[in-house]
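Derivation of every value follows stated rules applied to the coordinates shown; laboratory data play no part. Quantities reported herein were computed from a predicted structural model and do not represent experimental measurements. All Cβ positions, even for glycine, are placed from backbone atoms using ideal geometry, and neighbour counts span all protein chains on display.
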Amino acid sequence: MINKIFRRLNTILSEYINMWLHIVGNIPSHHMRRFFYRLAGIKIGKGSTFHTGARFYNPEGITLGKDSIIGEGAVLDGRAALRIGDHVDIASEVMIYNGEHDINDAGFKAVVEPVTVEDFVFIGPRAIILPGVTIGKGAVVGAGAVVTKSVAPFKVVGGVPAKEIGERENKNPTYKLGRAAWFR
């Protein structure tokens, strides 16, 4: 009984934190958002930013490398480890989940698996990345793709479910993404 009460109180606290982060996500200054996101436990590298409207599940499980940009309305799931590398460009309304339900389990059991997005990755608008996936260095995920399996380095994937559709020619990227707009 005590464990059940403790779990419920923990869930309520987590939902409360997520609500406040949702409100913070609409502050029109990425400096302020970044401050509050770090306070909530997100590890954010130098020069990285979140644009407005980002949503989080368990922010303590999220790590963002340096010089990376998270687009407007992104959903990031930290229920298992979510590691996003350096110089990563995640476009608007991308959803990265590391928790789902086992549809074949009699109790509809929750399953969580880590997600890793390596350095120099670009994820196009409205793509969905599912639990247990690793997006290799320099890979590109096309707009609207649903990634159910890991993507090899420098591969270009697209579609539902995502399949390889090409490969990046530059195997030694060194670019910097530059400064984010202050009020976006």
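Our helix-only sum for the chain, with -39,500 (n - 2.57) per DSSP H run of n ≥ 4 divided by its residues, gives a mean residue ellipticity at 222 nm of -6000 deg cm²/dmol. Average 1/r across all pairs of distinct alpha carbons in the chain, invert it, and you get the Kirkwood radius: 16.8 Å.
Computed over the chain, relative contact order equals 14 percent, with contacts defined as Cα pairs under 8 Å that lie 6+ residues apart.
Placing a label point 7 Å from the Cα of Ser14 along the Cα-to-Cβ direction, the residues of region 113-140 whose backbone N falls under 18 Å from that point are 113-115, 131-132.
Per-peptide packing, taken as the mean over residues of other Cβ atoms within 10 Å, places 25-31, 129-135 in the sequence 129-135, 25-31 from highest down. Each other residue within a Cβ distance under 12 Å of Asp86 adds +1 if Lys or Arg and -1 if Asp or Glu, for a net charge of +1.
Within the chain, antiparallel bridges make up roughly 20 percent of the DSSP beta bridges whose residues both belong there. Cα convex hull, region 91-184: 107 Å³ per residue, rounded to a whole number.
Given Lys43/Lys176; Lys66/Lys149; Lys43/Lys149; Lys46/Lys137; Lys109/Lys155, which pairs have Cα atoms separated by over 29 Å? The pairs that break the limit, which is 29 Å between Cα atoms, are Lys109/Lys155. Please give me the summed charge of the neighbours of Lys43: other residues whose Cβ is under 12 Å from its Cβ, Lys and Arg +1, Asp and Glu -1. Summing Lys/Arg as +1 and Asp/Glu as -1 gives +4.
Give the relative contact order (percent, whole number) for region 100-184; include only Cα pairs under 8 Å separated by 6+ residues.
In percent, rounded to a whole number, it is 19.
For Arg126, what charge total do you get from the other residues with a beta carbon under 15 Å from its beta carbon, if Lys and Arg give +1 and Asp and Glu give -1? Net charge in that neighbourhood comes out at -2.
List the GluC sites (Glu not before Pro) in region 140-175 that DSSP assigns to loop (not H, G, I, E or B) and whose Cβ has at most 16 other Cβ atoms within 10 Å. Which are they?
Here the GluC sites (Glu not before Pro) that fit, given the DSSP loop and packing criteria, are Glu169.
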